[in-house]
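The structure appears right after this line, and notes come after that.
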Amino acid sequence: MRHDPAYRFLADAQSGTIRIRRSFAAPRQMVWDCHTRADLLDQWFAPKPLTTKTAAMDFREGGQWHHAMVAPDGTEYWGIVRFDTINPIDGYTTTDFFSDAGGARNTALPSSTWDVRFEDTETGTRVSTLIAYASPEDLRTVIDMGMEEGMTATLEKLDELLARLTA
Amino acid sequence: MVRHMENNQPELDAVFHALSDPTRRAVVQRLTQGEATVSELHAPFDMGLPSFMKHLGVLENAGLLGSAKAGRVRTCTLNPDRLNAAERWFEEQRAFWQGRYDQLDGLLASLKGETDET
């Protein structure tokens, strides 16, 4: 079985944080572009079978990316990524909101802050992401909502997911 | 720092730790299909039985796995209750990001003109 040592995913329910680290076999500028250009984000940000749809992209500090992840049945999950700080091509910080199709932020639901950093490695680029919720309760709200909306796995779905992880 | 801990928090951490390893995730995956003997679980892995038993021990300590011995055969079962909403959500997020990054690999490869696809 294949294990990708370049991929690390650490979740901490106590602090409400998720740390993800992944290495890519491509130059930093190219990896940066894929994270910050809508035409490129649309090609990878939502994993199969979801697809990504950009409504508006304004990549500057204070600007935002309004986008949806679209399920095969057509259901759209809208969100807004607000760019708080940008330091090309070292990193950026964002605040991630749920929204509607019109671009109105849903402030009743928890937001999360993202700190995304890009580093050169011997073979390419390493991307480190720290996602932080304001509190464990906020994270719990998102989890519960995910369960209600059916976006999260049943045990059978987990089976498929684990199969992909360990394939 | 103000903490609002749930009583099961240390157990939750043990579950996260148990699921942080690919071998243990594969065992959990296999057990979602039904009970299996230790030798059945061990068969797909290219590792010694003592090392494999350590992995089973981690899963058992996390409460994910139960086992019963009948004669010389030990049969393992999954305790699905332990895979509660939070753990499933985190596992899905992990897979979600993996799927997302696998696609980015493909995009980067095509941007570099290195894709093997024609």
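The values are calculated or read from the model by the stated rules, or taken from the named source; none is laboratory data. This structure is a prediction, so every number in the text was calculated from the model and none was measured. Please note: Cβ atoms are built from the backbone with ideal geometry, for glycine as well, and neighbour counts cover all protein chains shown.
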Residue count, the stretch B:35-63, condition at pLDDT 85 or above and in a loop (DSSP other than H, G, I, E, B), comes to 7
Cβ-Cβ distance below 6 Å, separation of 6 or more or different chains: which pairs start in the stretch A:12-38 with a residue that is at the interface with chain B (Cβ under 8 Å from one of its Cβ atoms) and assigned to a strand (DSSP E or B) and end on one that is surrounded by fewer than 19 Cβ atoms within 10 Å (Cβ to Cβ) and among the hydroxyl-bearing types (Ser, Thr, Tyr)?
A:ILE20/A:THR129; A:ARG22/A:TYR7
Residues satisfying the stated conditions in the stretch A:39-70, i.e. in a strand (DSSP E or B), farther than 20 Å from A:PHE118 by Cα and not polar (S, T, N, Q):
A:LYS53, A:ALA55, A:ALA56, A:MET57, A:HIS66, A:HIS67, A:ALA68, A:MET69, A:VAL70
Report yes if some residue within the stretch A:53-68 is surrounded by fewer than 17 Cβ atoms within 10 Å (Cβ to Cβ) and within 14 Å of chain B (Cβ to nearest Cβ); otherwise report no.
no
Residue count, the stretch B:66-88 (criterion: modelled with pLDDT under 80 and within 13 Å of the chain's Cα centre (by Cα)):
5
Out of B:LEU31, B:LEU19, I need the residue that is closer than 23 Å to B:ARG94 by Cα and modelled with pLDDT under 85. Which one?
B:LEU19
Does any residue of the stretch A:117-125 turn out to be more than 13 Å from A:HIS35 (Cα to Cα), part of a strand (DSSP E or B) and either in contact with a Pro (Cβ under 7 Å, 6 or more places away or on another chain) or β-branched (Val, Ile, Thr) (or both)?
no
Yes or no: A:THR75 in contact with a strand residue (DSSP E or B) (Cβ under 7 Å, 6 or more places away or on another chain) and either over 24 Å from B:GLY99 (Cα atoms) or surrounded by fewer than 17 Cβ atoms within 10 Å (Cβ to Cβ) (or both)?
no
Can we say A:THR94 is buried (at least 20 other Cβ atoms within 10 Å of the Cβ), in contact with a strand residue (DSSP E or B) (Cβ under 8 Å, 6 or more places away or on another chain), more than 9 Å from chain B (Cβ to nearest Cβ) and outside any loop (DSSP other than H, G, I, E, B)?
yes
